[in-house]
Amino acid sequence: MTSTPPPGTPRTASALDPAVAARLKRGADGLVPAIAQQYDTGEVLMLGWMDDEALHRTLTTGRCTYWSRSRQEYWVKGDTSGHIQLVKSVALDCDADTVLVKVDQTGAACHTGARTCFDADVLLRGQ
């Protein structure tokens, strides 16, 4: 994992395609939410955060790279757990303020060891 200054502070420019960077609508912290979804089932796996560099790394390596807000560093999903996310496609939503990464998830996506971060606390279940 490579440590860098927190998002929103000056740092070296990312190699992200300038046309993509110009479209992104980032929060005040320089981040956009990134939803990871299982490509073949549609299962929503997790939400992470990306800045320009994390998105660039995701697009060029084929592995999901996120910015850890708590550790203030980049992390590649699965580097420590082995539960990797192989990127199948990456899309921006209509406002360019959220990234959807369709992945092939190996093992758990959630840091708790669950397959998805969205199955433990269901507030409403459809009929």
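Every number here is computed from the coordinates shown, using simple stated rules; none is lab data. Everything quoted here is computed from the prediction, not taken from an experiment. In this analysis, Cβ positions are derived from the backbone assuming ideal geometry, glycine residues included, and neighbour counts consider all displayed protein chains.
A compact table of results
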| quantity | calculated |
| --- | --- |
| Neighbour-limited loop hits for trypsin sites (Lys or Arg not before Pro), segment 87-127 (at most 13 other Cβ within 10 Å; DSSP other than H, G, I, E, B) | 125 |
| Label selected from (i) 42, 29, 28; (ii) 66, 42, 24; (iii) 47, 33, 26, the criterion being Cα extents along the principal axes in Å as computed here | (iii) |
| Sequence-distant residues sharing a close amide H with residue 74 (under 5 Å, placed H) | 2, 4, 68 |
| Acute angle (nearest 10 degrees) that the helix 52-61 long axis makes with the longest principal axis of the chain, alpha-carbon atoms | 70 |
| Residue among 107, 124, 37 farthest towards the positive dipole end of the chain, charges placed on Cβ | 107 |
| Top of 101, 87, 20 by mean-square fluctuation, Gaussian network on the chain, Cα under 10 Å | 20 |
| Segment residue 91-residue 60, length gained on full extension (0.36 nm per residue, minus Cα span) | 9.7 nm |
| Percentage relative contact order, segment 1-120, counting C-alpha pairs under 8 Å, at least six apart | 26 |
| Environment charge of residue 33, counting only residues whose C-beta is closer than 13 Å and scoring Lys/Arg +1, Asp/Glu -1 | -2 |
| Fluctuation leader among 83, 56, 111 - the chain, Gaussian network, Cα springs under 10 angstrom | 111 |
| Those Cys residues of the chain for which no other cysteine Cβ falls under 4.7 Å | 64, 94 |
| Stretch gain in nm, segment residue 26-residue 106, where the contour uses 0.36 nm per residue and the Cα spacing is subtracted | 25.9 nm |
